[in-house]
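One structure below.
The values are calculated or read from the model by the stated rules, or taken from the named source; none is laboratory data. The shown structure was predicted, so the numbers you read here are calculated from the model rather than taken from an experiment. Cβ placement follows ideal geometry from the backbone for every residue including glycine, while neighbour counts extend to all protein chains displayed. Accessible surface is based on the protein model in full, side chains and every heavy atom, while ligands, DNA and RNA are left aside. Shrake-Rupley method; radii C 1.70, N 1.55, O 1.52, S 1.80 Å.
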Amino acid sequence: MVAALVLSAAMFASAFIMARFPSAVAPVVQTDVTMTKADRVLVLSPHPDDESIACSGLIQHALEAGAQVRVLWMTAGDHNIVGPPLFWRTAPVTPAQFRDIGHKRMQEAKNAAHVLGLSSNDLIFLGYPDGGLSDIFMNVWTSKPYRSGVTNAASVPYAESTVAGQPQTAMNLLTDLEQVMTSFRPTIVVYPNLIDFHPDHQATELFVIAALADLHLSPQRLEYVVHVPGWPRPLRYAPFVDA
(Lines give C-alpha, C1' and ligand atoms only; values in the text may rest on other atoms or scores of the structure.)
Protein backbone atom coordinates (compact mmCIF):
# COMPACT_ATOMS: atom_id res chain seq x y z
CA MET A 1 0.00 0.00 0.00
CA VAL A 2 2.76 2.44 0.96
CA ALA A 3 4.75 1.57 -2.16
CA ALA A 4 1.66 2.17 -4.30
CA LEU A 5 1.11 5.58 -2.72
CA VAL A 6 4.74 6.55 -3.31
CA LEU A 7 4.54 5.42 -6.94
CA SER A 8 1.32 7.38 -7.42
CA ALA A 9 2.89 10.48 -5.90
CA ALA A 10 5.95 10.11 -8.12
CA MET A 11 3.81 9.70 -11.22
CA PHE A 12 1.74 12.76 -10.30
CA ALA A 13 4.84 14.85 -9.65
CA SER A 14 6.38 13.73 -12.95
CA ALA A 15 3.19 14.63 -14.81
CA PHE A 16 3.16 18.03 -13.09
CA ILE A 17 6.73 18.70 -14.17
CA MET A 18 6.08 17.64 -17.77
CA ALA A 19 2.97 19.82 -17.95
CA ARG A 20 4.67 22.94 -16.56
CA PHE A 21 8.12 22.31 -18.07
CA PRO A 22 7.60 20.34 -21.31
CA SER A 23 11.32 20.35 -22.14
CA ALA A 24 12.13 18.38 -19.00
CA VAL A 25 13.64 14.96 -19.62
CA ALA A 26 14.23 11.93 -17.42
CA PRO A 27 17.78 11.54 -16.09
CA VAL A 28 20.04 8.83 -17.43
CA VAL A 29 20.80 6.25 -14.75
CA GLN A 30 24.54 5.91 -14.17
CA THR A 31 26.44 3.83 -11.63
CA ASP A 32 30.01 4.71 -12.57
CA VAL A 33 31.26 8.28 -12.24
CA THR A 34 34.51 9.56 -13.68
CA MET A 35 35.50 13.14 -12.91
CA THR A 36 38.27 15.37 -14.17
CA LYS A 37 39.56 18.84 -13.36
CA ALA A 38 37.31 20.14 -16.14
CA ASP A 39 34.17 19.18 -14.20
CA ARG A 40 32.01 21.52 -12.14
CA VAL A 41 29.92 19.57 -9.63
CA LEU A 42 26.81 21.06 -8.05
CA VAL A 43 25.45 19.14 -5.06
CA LEU A 44 21.88 19.98 -4.02
CA SER A 45 21.06 19.27 -0.37
CA PRO A 46 17.53 19.74 1.02
CA HIS A 47 18.84 20.15 4.59
CA PRO A 48 22.17 20.61 6.35
CA ASP A 49 23.48 17.01 6.70
CA ASP A 50 22.08 15.43 3.51
CA GLU A 51 25.20 16.46 1.60
CA SER A 52 27.39 14.66 4.14
CA ILE A 53 25.18 11.58 4.53
CA ALA A 54 24.73 10.98 0.81
CA CYS A 55 27.54 12.75 -1.01
CA SER A 56 30.67 13.10 1.14
CA GLY A 57 32.52 10.38 -0.76
CA LEU A 58 31.47 11.88 -4.09
CA ILE A 59 32.59 15.35 -2.99
CA GLN A 60 36.00 14.07 -1.94
CA HIS A 61 36.34 12.10 -5.16
CA ALA A 62 35.55 15.25 -7.16
CA LEU A 63 38.06 17.35 -5.23
CA GLU A 64 40.75 14.70 -5.63
CA ALA A 65 40.14 14.79 -9.38
CA GLY A 66 40.63 18.57 -9.36
CA ALA A 67 36.98 19.34 -10.14
CA GLN A 68 35.21 22.42 -8.81
CA VAL A 69 32.47 21.65 -6.30
CA ARG A 70 29.60 23.77 -5.02
CA VAL A 71 27.10 22.65 -2.38
CA LEU A 72 23.72 24.34 -2.26
CA TRP A 73 21.35 23.89 0.68
CA MET A 74 17.68 24.48 -0.07
CA THR A 75 16.70 24.98 3.60
CA ALA A 76 18.40 25.73 6.92
CA GLY A 77 16.95 22.60 8.53
CA ASP A 78 15.06 24.68 11.08
CA HIS A 79 12.02 22.40 11.38
CA ASN A 80 13.83 20.14 13.83
CA ILE A 81 11.89 18.88 16.85
CA VAL A 82 14.11 15.97 17.93
CA GLY A 83 17.62 17.40 17.62
CA PRO A 84 17.59 20.28 20.14
CA PRO A 85 16.53 18.19 23.18
CA LEU A 86 19.17 15.60 22.32
CA PHE A 87 22.09 17.89 21.54
CA TRP A 88 21.35 21.27 23.10
CA ARG A 89 19.19 20.20 26.08
CA THR A 90 16.34 22.47 25.12
CA ALA A 91 13.09 22.05 23.20
CA PRO A 92 12.21 24.76 20.68
CA VAL A 93 8.86 26.42 21.31
CA THR A 94 9.15 29.89 19.73
CA PRO A 95 9.86 31.04 16.17
CA ALA A 96 13.12 32.65 17.37
CA GLN A 97 14.27 29.32 18.81
CA PHE A 98 13.50 27.50 15.57
CA ARG A 99 15.44 30.13 13.64
CA ASP A 100 18.30 29.61 16.08
CA ILE A 101 18.24 25.94 15.10
CA GLY A 102 18.60 27.05 11.48
CA HIS A 103 21.67 29.13 12.32
CA LYS A 104 23.22 26.23 14.25
CA ARG A 105 22.57 23.69 11.50
CA MET A 106 24.03 25.94 8.82
CA GLN A 107 27.16 26.38 10.93
CA GLU A 108 27.37 22.61 11.39
CA ALA A 109 27.07 22.18 7.62
CA LYS A 110 29.91 24.67 7.09
CA ASN A 111 32.09 22.78 9.56
CA ALA A 112 31.37 19.46 7.86
CA ALA A 113 32.06 20.93 4.42
CA HIS A 114 35.43 22.23 5.57
CA VAL A 115 36.32 18.74 6.82
CA LEU A 116 35.50 17.42 3.35
CA GLY A 117 37.90 19.97 1.82
CA LEU A 118 35.49 22.67 0.67
CA SER A 119 36.00 26.38 1.30
CA SER A 120 33.39 28.91 2.37
CA ASN A 121 33.23 30.16 -1.23
CA ASP A 122 31.99 26.72 -2.29
CA LEU A 123 28.92 26.86 -0.03
CA ILE A 124 25.51 28.33 -0.90
CA PHE A 125 22.62 28.57 1.56
CA LEU A 126 19.18 29.53 0.28
CA GLY A 127 17.34 29.12 3.61
CA TYR A 128 13.83 28.37 2.34
CA PRO A 129 11.43 26.74 4.85
CA ASP A 130 12.32 23.28 6.10
CA GLY A 131 9.24 21.10 5.74
CA GLY A 132 7.64 23.49 3.25
CA LEU A 133 9.36 22.85 -0.10
CA SER A 134 6.75 20.41 -1.38
CA ASP A 135 3.85 22.70 -0.49
CA ILE A 136 5.66 25.63 -2.08
CA PHE A 137 6.33 23.73 -5.31
CA MET A 138 2.79 22.43 -5.64
CA ASN A 139 0.83 25.48 -4.47
CA VAL A 140 2.79 28.72 -4.10
CA TRP A 141 4.13 29.86 -7.46
CA THR A 142 3.07 33.47 -7.69
CA SER A 143 0.53 33.67 -4.88
CA LYS A 144 0.98 34.93 -1.33
CA PRO A 145 4.39 33.76 -0.01
CA TYR A 146 4.54 30.60 2.08
CA ARG A 147 4.74 31.25 5.81
CA SER A 148 6.68 28.70 7.85
CA GLY A 149 4.73 27.18 10.71
CA VAL A 150 7.84 27.04 12.90
CA THR A 151 9.86 30.17 12.10
CA ASN A 152 6.78 32.28 11.29
CA ALA A 153 8.70 33.71 8.34
CA ALA A 154 7.19 34.43 4.92
CA SER A 155 10.57 35.47 3.55
CA VAL A 156 14.01 33.91 3.97
CA PRO A 157 14.98 34.93 7.55
CA TYR A 158 18.70 34.12 7.56
CA ALA A 159 21.48 36.64 7.01
CA GLU A 160 23.74 33.72 6.00
CA SER A 161 21.50 33.09 2.99
CA THR A 162 22.52 34.42 -0.41
CA VAL A 163 18.88 35.43 -0.89
CA ALA A 164 18.06 36.78 2.59
CA GLY A 165 14.69 38.51 2.62
CA GLN A 166 13.43 36.75 -0.51
CA PRO A 167 9.65 36.07 -0.35
CA GLN A 168 9.10 32.32 -0.10
CA THR A 169 7.43 31.43 -3.40
CA ALA A 170 8.21 28.68 -5.88
CA MET A 171 9.03 31.17 -8.62
CA ASN A 172 11.58 32.91 -6.43
CA LEU A 173 13.18 29.64 -5.35
CA LEU A 174 13.34 28.43 -8.95
CA THR A 175 14.89 31.74 -10.03
CA ASP A 176 17.46 31.54 -7.24
CA LEU A 177 18.40 28.01 -8.28
CA GLU A 178 18.63 28.99 -11.94
CA GLN A 179 20.91 31.91 -11.11
CA VAL A 180 23.32 29.55 -9.36
CA MET A 181 23.25 27.14 -12.30
CA THR A 182 23.73 29.94 -14.83
CA SER A 183 26.71 31.30 -12.92
CA PHE A 184 28.38 27.97 -12.12
CA ARG A 185 27.43 26.07 -15.32
CA PRO A 186 27.67 22.62 -13.69
CA THR A 187 28.76 19.64 -15.75
CA ILE A 188 27.45 17.31 -13.02
CA VAL A 189 24.37 17.92 -10.86
CA VAL A 190 23.68 15.77 -7.80
CA TYR A 191 20.26 15.78 -6.12
CA PRO A 192 17.71 13.53 -4.32
CA ASN A 193 15.73 10.86 -6.12
CA LEU A 194 11.95 11.16 -6.15
CA ILE A 195 11.53 7.83 -4.34
CA ASP A 196 12.94 9.42 -1.18
CA PHE A 197 10.09 9.54 1.36
CA HIS A 198 10.90 13.04 2.65
CA PRO A 199 8.72 15.66 0.87
CA ASP A 200 11.56 18.22 0.90
CA HIS A 201 13.78 15.73 -0.94
CA GLN A 202 11.07 15.03 -3.50
CA ALA A 203 10.51 18.76 -4.02
CA THR A 204 14.24 19.38 -4.41
CA GLU A 205 14.33 17.01 -7.37
CA LEU A 206 11.31 18.72 -8.90
CA PHE A 207 12.92 22.14 -8.59
CA VAL A 208 16.18 20.85 -10.09
CA ILE A 209 14.43 19.23 -13.06
CA ALA A 210 12.42 22.40 -13.62
CA ALA A 211 15.53 24.60 -13.51
CA LEU A 212 17.46 22.41 -15.94
CA ALA A 213 14.48 22.38 -18.29
CA ASP A 214 14.05 26.15 -18.08
CA LEU A 215 17.75 26.75 -18.80
CA HIS A 216 18.03 24.01 -21.44
CA LEU A 217 21.01 22.55 -19.59
CA SER A 218 21.95 18.88 -19.89
CA PRO A 219 24.68 18.10 -17.36
CA GLN A 220 25.37 14.61 -16.12
CA ARG A 221 22.75 13.95 -13.44
CA LEU A 222 23.30 11.82 -10.35
CA GLU A 223 20.60 11.04 -7.80
CA TYR A 224 20.74 9.85 -4.20
CA VAL A 225 18.33 8.70 -1.49
CA VAL A 226 18.42 9.23 2.28
CA HIS A 227 14.91 8.46 3.57
CA VAL A 228 13.81 5.06 2.23
CA PRO A 229 12.49 2.49 4.75
CA GLY A 230 14.55 -0.68 4.82
CA TRP A 231 17.48 0.86 2.97
CA PRO A 232 20.40 0.64 3.15
CA ARG A 233 21.19 -2.80 4.49
CA PRO A 234 23.11 -3.35 6.69
CA LEU A 235 22.36 -0.25 8.76
CA ARG A 236 25.99 0.28 9.76
CA TYR A 237 29.35 1.03 8.23
CA ALA A 238 30.18 -2.15 6.32
CA PRO A 239 32.16 -1.33 3.16
CA PHE A 240 33.00 -4.96 2.41
CA VAL A 241 29.51 -6.44 2.90
CA ASP A 242 27.14 -6.73 -0.04
CA ALA A 243 23.76 -5.22 0.81
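In units of the compact-protein estimate 2.2 N^0.38 Å, the range 98-163 shows a Cα radius of gyration of 1.25. Put simply, the amide H of Gly127, placed in the peptide plane, has neighbours under 5 Å in Thr75, Ala76, leaving out anything fewer than 5 places away on its chain. Gain on full extension, evaluated as 0.36 nm per residue between His103 and Thr182 minus their Cα-Cα distance, stands at 25.7 nm.
Near Asp196, once Lys and Arg are set to +1 and Asp and Glu to -1 for all other residues with Cβ below 11 Å from its Cβ, the sum equals -4. About its Cα centre, the dipole of the range 84-243 is roughly 380 debye, where the only charges are +1 on Lys and Arg Cβ and -1 on Asp and Glu Cβ.
For the pair His114 and Lys144 in one chain, pulling the backbone fully straight at 0.36 nm per residue adds 7.1 nm over the alpha carbon distance. Sorting the segments 64-75, 130-141 by their residues' average number of neighbouring beta-carbon atoms within 10 angstrom, most packed first, yields 64-75, 130-141. Oblate is the label for the range 40-224. Its Cα gyration tensor axes, ordered a ≥ b ≥ c, give a/c of at least 1.5 and b/c at or above a/b. Per-peptide packing, taken as the mean over residues of other Cβ atoms within 10 Å, places 171-184, 202-215, 219-232 in the sequence 202-215, 171-184, 219-232 from highest down. Given Ala112, His216, His198, which one lies farthest toward the positive end of the charge dipole of the range 93-243, if we put +1 on the Cβ of every Lys and Arg and -1 on the Cβ of every Asp and Glu? Value computed over the given set: Ala112.
What a 1.4 Å probe finds exposed on the range 104-223 is 49% carbon and sulfur by accessible area, rounded to a whole percent.
Dipole orientation for the range 40-224: of the candidates Val82, Val163, Thr187, Val163 has the Cα lying most toward the positive pole (charges on Cβ; Lys, Arg +1; Asp, Glu -1).
With protein chains left intact and a 1.4 Å probe, residues in the range 40-224 average 40 Å² of accessible area per residue.
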